[in-house]
Every structure is written in structure tokens, then in C-alpha cells.
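Structure provided below as C-alpha cells; questions to follow.
The values are calculated or read from the model by the stated rules, or taken from the named source; none is laboratory data. Keep in mind it's a predicted model, so treat the numbers as computed, not measured. Cβ sites come from the backbone with ideal geometry, for glycine too, and all protein chains shown count toward neighbours. SASA here: full protein model, heavy atoms, side chains in, ligands and nucleic acids out. Shrake-Rupley method; radii C 1.70, N 1.55, O 1.52, S 1.80 Å.
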Amino acid sequence: ALIHLLAAVRLSVQDLESEKLEHFIVARIADAVVGTVGLEPVGEVALLRSLAVAVNYRKQAIASRLVAAIEKYARSHGVEALYLLTTDAADFFLKQSYQQIDRETAPAGVQATEEFRTLCPATAQCLCKRFQA
């Protein structure tokens with residue numbers, strides 16, 4: 001259901017094998033998966049990826065709750081900063097206290113992820129959120 005949702009909103013799923021799905025959170029209403037977000041940990045930082053909400057469930061703060069939940073999850077796993085790439089959600093993430101950065105300044109481990117190297121276009125904006133110690 002998670003992969004189906006990501007495909008339905010046109011997010012990449014090519015590299016999502018089971019070990020990566022271990023770090024995903026889903027939002028459900030009844031038996032339906034209506035939202036998801038994931039992490040790809042890389043040492044003390046992580047790539048936030050695949051934030052998606054089903055079209056019929058948008059404008060209900062599901063995305064904001066998913067981001068808050070994945071940030072809490074990340075902090076509980078020792079992540080000090082989250083990085084992400086987006087082609088159309090930069091404004092949303094800026095409202096969640098993320099900062100736009102130059103893609104080239106992301107940590108080498110984040111830049112080495114498949115999403116960073118090949119799945120997201122070079123035109124995608126890069127954002128970061130560092131957590132307070």
C-alpha cells in the first residue's frame with residue numbers, strides 16, 4: 001500500500017527495498033494508507049524522503065504530522081540533521097523550519113544516496129533541518 005501511494009503521487013520507488021522501508025512511517029485512516037514519510041539514515045544525518053499524502057486526504061495537516069513524527073523518530077535514533085530534495089514542496093518544508101541550502105553542501109553520505117545521485121533531478125531544491133543538542 002505504501003509503494004502504491006508513492007507511485008500514485010509520482011514519487012520514485014525504484015530503490016525502496018525492504019531494509020529502507022524499515023524507517024518509514026505511515027498514516028492510516030481505517031484500513032487505508034493515506035500518507036507516508038521515510039528516512040534514509042547516513043551516520044549522524046539522514047535523508048528525509050517520500051513524504052506523500054493521498055490526494056483525497058490533503059489539507060488535513062497529515063503531512064505536518066508525518067514530518068513531526070519522522071523528526072521525533074530521527075532524533076530518537078541519534079540523527080542530528082535531516083536533508084531532503086524536493087521539486088515542488090520547498091514552501092511546505094520552509095514552514096516546518098527547514099532551510100534551503102546548496103545541494104553541493106549536503107554531507108557526502110547524503111549525496112551518495114541513490115535518490116540524491118540519480119532519482120531526483122538536478123533542479124530539485126535541497127533543504128536541511130538541524131536539531132538542537
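State which stretch of the chain is the longest one without any exposed trypsin sites (Lys or Arg not before Pro), exposure meaning a DSSP loop state and at most 16 other Cβ atoms within 10 Å. Numbers along the way, then the final one.
Working: sites that count: 10, 58, 59.
Result, exposed sites excluded: 60-133.
Moving on to the next point. What aspartates and glutamates does residue 95 reach when the alpha-carbon gap must be under 18 Å and sequence neighbours fewer than 8 apart in one chain are set aside?
Hits, sequence-local ones excluded: 71.
log₁₀ I(q)/I(0) of segment 1-113 at q = 0.10 Å⁻¹, via Debye over equal Cα point scatterers, no solvent, to two decimals?
-0.27
For residue 59, which aspartates and glutamates qualify as cross-link partners when the Cα separation must be under 15 Å and same-chain residues fewer than eight apart are set aside?
91
Pop out the carbon and sulfur fraction of the accessible area of segment 69-133 as a percent, whole number, probe 1.4 Å.
46 percent
Set Lys and Arg Cβ to +1 and Asp and Glu Cβ to -1, take the dipole of segment 14-133 about its Cα centre, and tell me which of 112, 94, 123 lies farthest positive.
Of the options given, the answer is 94.
Same structure, new question: Roughly how many whole Å is it from the C-alpha centroid of segment 1-33 to that of segment 69-97?
If we compute the Cα centre of each part, the gap is 17 Å.
Which of the aspartates and glutamates could be linked to residue 72 by a straight reach, that is with a Cα gap under 12 Å, when you skip same-chain ones fewer than 8 residues away?
Within reach: 80.
Counting only other residues whose beta carbon sits under 13 Å from that of residue 44, what net charge do I get with K and R as +1, D and E as -1? Don't skip to the end; give the middle numbers.
Values: positive: 75, 130; negative: 80.
Here the count lands on +1.
Mind checking the angle between helix 62-76 and the chain's longest principal axis? C-alpha axes, 0 to 90 degrees, to the nearest 10.
Helix 62-76 sits at roughly 50 degrees to that axis.
Can you compute the charge dipole magnitude of segment 84-133 about its Cα centre, using +1 on each Lys and Arg Cβ and -1 on each Asp and Glu Cβ, nothing else charged? Give it in debye, rounded to the nearest 20.
Magnitude of the dipole: close to 180 debye.
Scan around residue 27 for amide H atoms under 5 Å from its own, H built in the peptide plane at 1.01 Å from N, and keep only partners 5 or more places away or cross-chain.
34, 35, 36
Considering only the other residues whose Cβ falls under 14 Å of the Cβ of residue 122, what net charge follows from Lys and Arg at +1 and Asp and Glu at -1? Could you put the intermediate results ahead of the total?
On the way: positive: 103, 117; negative: 102, 104, 115.
Net charge in that neighbourhood comes out at -1.
From the square roots a ≥ b ≥ c of the eigenvalues of the alpha-carbon gyration tensor of segment 86-133, which class results: rounded (a/c under 1.5), prolate (a/b over b/c), or oblate?
oblate
With a 1.4 Å probe and every protein chain left in place, work out the accessible area per residue of segment 11-112 in Å², rounded to a whole number.
Working: 5480 Å² over 102 residues.
For segment 11-112, the per-residue accessible area is 54 Å².
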